[in-house]
1. Once you've got the Cα coordinates, tell me which of LYS252/LYS417; LYS336/LYS429; LYS48/LYS252; LYS165/LYS417; LYS252/LYS336 are over 25 Å apart.
2. Among ALA506, LEU469, THR437, whose Cα sits farthest toward the positive end of the charge dipole of the range 393-509 (+1 at Cβ of Lys/Arg, -1 at Cβ of Asp/Glu, about the Cα centre)?
3. Enumerate the calculated ³J(HN,Hα) couplings along the range 370-386 in order (Karplus 6.51 cos²θ - 1.76 cosθ + 1.60, θ = phi - 60°), each rounded to whole Hz, writing x wherever the residue is Gly or Pro.
4. Against the longest alpha carbon principal axis of the chain, how many degrees, from 0 to 90 and to the nearest 10, is the axis of helix 115-133 turned?
5. What full-extension length gain, to one decimal in nm, is calculated for ARG31 and ARG272 as 0.36 nm per residue of separation minus the Cα-Cα distance?
6. To the nearest 20 debye, what is the magnitude of the charge dipole of the range 122-162 about its Cα centre, counting +1 on the Cβ of each Lys and Arg and -1 on the Cβ of each Asp and Glu?
7. Put one equal scatterer on each alpha carbon of the range 247-400, apply the Debye formula with no solvent term, and list log10 I(q)/I(0) at q = 0.11 1/Å to two decimals.
8. Kindly express, to the nearest 10 degrees and within the range 0 to 90, the angle between helix 148-161's C-alpha long axis and the longest C-alpha principal axis of the chain.
Amino acid sequence: MALDRAIPAVELVGINKRFDRVQANRDVYLRVPKATVHGIVGENGAGKSTLMSILYGFYPADSGEIRVAGRRVRIRSPHDAIAAGIGMVHQHFMLVENLTVVENVMLGSEKGFLLGRGLARIRTELERLERDYGLDVPPDALVEDLTVGQRQRVEILKALYRGAKVLILDEPTGVLTPQETEQLFNILRSLRGEGVAILLITHKLREIMAVTDEVSVMRAGRLVARRRTEGTNTAALAELMVGRSVLLRVAKLPAVPKDVALDVRGLVVRDRAGTPRLNGVSFTVREGEIVGVAGISGNGQSELLETLSGIRAPDSGSFRVGAQEITADRPLAPAKLRALRVAHVPEDRQRMGLVSGFSARDSALLGYQNEPEYNVFGLTHQSAVRRHCEQLMASYDVRPPDPDLRTELLSGGNQQKLVLARELEREPKVLLVGQPTRGVDIGAIEFIHRRLIAMRDEGSAVLLVSADLDEIRFLSDRILVMAGGRIVGETTPHTADERTLGLMMANAWDGVDESVRA
C-alpha cells in the first residue's frame, strides 16, 4: 500500500489538561506516523489515559490542538473522534452481551429504519474485514458466548467498520491468555501493514518490546522521552518511567509454610440461572505461603474470591478459616469474616473496593468504619479518620497524599494502593487478593509485589488471583489452574512455563500428572 509517510496519522500539539489541583497533561507534543504501532508508557497518574481520553473526545483539552492526517480537527465527543477516523478499544469492553456480533457492530451506526438491509451490509463488510485482518469471529454468535479474545476482536471490528485509521488500545492484554495475546499481536501487525496507526497503552514492557515500533514515555503529565523500540530495553524504559532503576522481578526467599489457615472443601456456587460457577473446588492455603490461581477470566475465580470473602454464600461444600467453618447453612457476612482477620482486595477496585464520590479518607475506611477508634459517642471521629488516611498514604506512597481528594480523582494505580493499604495494614491471617496490579505502573508493581511477599513472610496465608501469568509465576509458591469452575491442575513456578499454563487454562493440557487434577 502506498502511504504518504511524511504526513503523520495523528498529532497532539501542546495539549494541556487540569482537573482541580491536578495537572494531568503539560504541554504534550505527540506525533504518530501512519502504519506504526506506537507504545505509550508511564506511571499511574503520568497522564497517558487522560491524553488518550482527549484524543477520543471524552475530555476537552484546556489548550492545544489535534491534527489528523495533517488537518486540524475539533474533537468534543467520541462521535467527533469516530468521524475523524479514530477508534478506541477500551480495557473493559463496551459490548451488549445478549446481542450478536453483527448487532453489536451495528449499534450506533444504524442508517435508516430498514435494519435488515443494514445488517446485510454490515455482514458483508465484516466478512471483508475478517478476511483482510485475520479477525475471525462468528458474526451471528451472541457476545455472551464468545471468549474474551473474541470479544476484543469484536471491539476492533467495530472500530474498523467505522473507518478507523487511528486505533487506540488501552491495556488490551489484561484478560488474555498468552496464546490470545500472540493472536492479538498478529492482528496489530496486520493492521499496521494496511496503514493503520495504533496507539498502545500498556504497563507490560515486554509487550512494548514485542509489538511496537516506537514508544513514548510520560512522567508527571509530560512526554519526557521517545525511543525507537529496537534501540531500547525494558530496564531503560522502566527507569525513564519512574526516574530511578526498578526491579522488574522482586527477589524472595523460599516459603516456609506452617499451619493450614484456609481449607476449602467441595465448594459449589451457582449463578441465578442455576449454572455452577464453582463446581467442587477443594484446596488449602497455609500460613506463610502464596497460592496463585491462574485461569481465563470467567472461569470461577471471581466467584471464588467473593465466596471466601462472604459476599456470596456457597450452595454446598464448605471452607474453614482457623476453627470457624462456613457452609451453605452457616454462611458468614463480610464483616464477620473481617473479624476472623480475612482481608479482601477485590478484582474490580472501582466496583467493589471504593466509592468514587467519597473522599480518600472515607474510602480508606470502608468496611472498618464501625471500629471504636473511629467513633466517639456514635459519631465519626474525623481527626482519627484523617490521621489514619494520612498514615496509609505515607506508608503506601499514594499520590497526591491528600485525604480530602475525591477517590475518583486518584489514578487507577493510586486507587489500588489505597485499597491495598486499607486491607494489608490490618495484618490479616488470610489475604484474598484479586488482580493486585491490573492497570498499575511498573514502579507501583514493584512496591505491591514487595508488600505481598512481606505479608507472606510475616505469616499471612495469601490467595492470589491474577490474569498476569508473569505475576502468578513470580509471586506464587504453588499455582492452581481453574477452568470451567474447577481446579484442573496444580503446579509450581519452577515446573510450568507460560505456554504450559496457557494450555492448562484452556483445559487443553495433557501433560499434568493426574494426581493433581481436581
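The values are calculated or read from the model by the stated rules, or taken from the named source; none is laboratory data. If you're wondering where the values come from, they're calculated on a predicted model, not measured in any experiment. Note: ideal-geometry Cβ built from the backbone for every residue, glycine included; neighbour counts use all protein chains shown. Accessible surface is based on the protein model in full, side chains and every heavy atom, while ligands, DNA and RNA are left aside. Shrake-Rupley method; radii C 1.70, N 1.55, O 1.52, S 1.80 Å.
1. Beyond 25 Å between Cα atoms: LYS48/LYS252; LYS165/LYS417; LYS252/LYS336.
2. Of the listed residues, the answer is ALA506.
3. The phi angles translate into 8, 5, x, 5, 10, 9, 10, 6, x, 10, 5, 7, 4, 5, 5, 5, 5 Hz.
4. Helix 115-133 and the main axis of the chain meet at about 90 degrees.
5. On the way: separation 241, 0.36 × 241 = 86.76 nm, distance 4.95 nm.
So the extension gain works out to 81.8 nm.
6. Working: 7 positive and 9 negative charges, 38 e Å.
My answer is approximately 180 debye.
7. Calculated log10 I(q)/I(0) at the listed q: -0.58.
8. On a 0 to 90 degree scale, this one is about 20.
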